[in-house]
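Nothing in this text is a laboratory measurement; each read-out follows from the coordinates by a stated rule. Since we're looking at a predicted model, the values are computed, not measured. No Cβ is skipped: glycine too gets one built from the backbone with ideal geometry, and neighbour counts run over all protein chains shown.
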């Protein structure tokens, strides 16, 4: 497991780059299978891109509450 963050919450692209560097260099991630072509679900946890969502929401027909008062989710459903 790796952890990268700015102590004062400053956002930067360097933090994302450092997180990706950790992810690439982890030799054992707990869910590595025998098939090297299959993913193991390893990922980065990022802040919600509020500015992007706020810009896109009206075109999708909804309005967002104030920042830090909503959540998002990602589901993988069978076809």
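What does the extension gain come out to for residue 75 and residue 48, with contour length at 0.36 nm per residue minus their alpha carbon separation?
Working: separation 27, 0.36 × 27 = 9.72 nm, distance 1.61 nm.
Here the segment from residue 75 to residue 48 would lengthen by 8.1 nm.
Computed from label points 7 Å out along Cα-Cβ, the spacing between residue 55 and residue 22 is 2.8 nm. Most tightly packed first, judged by the mean number of other beta-carbon atoms within 10 Å of their residues, the peptides 57-67, 11-21 read 11-21, 57-67.
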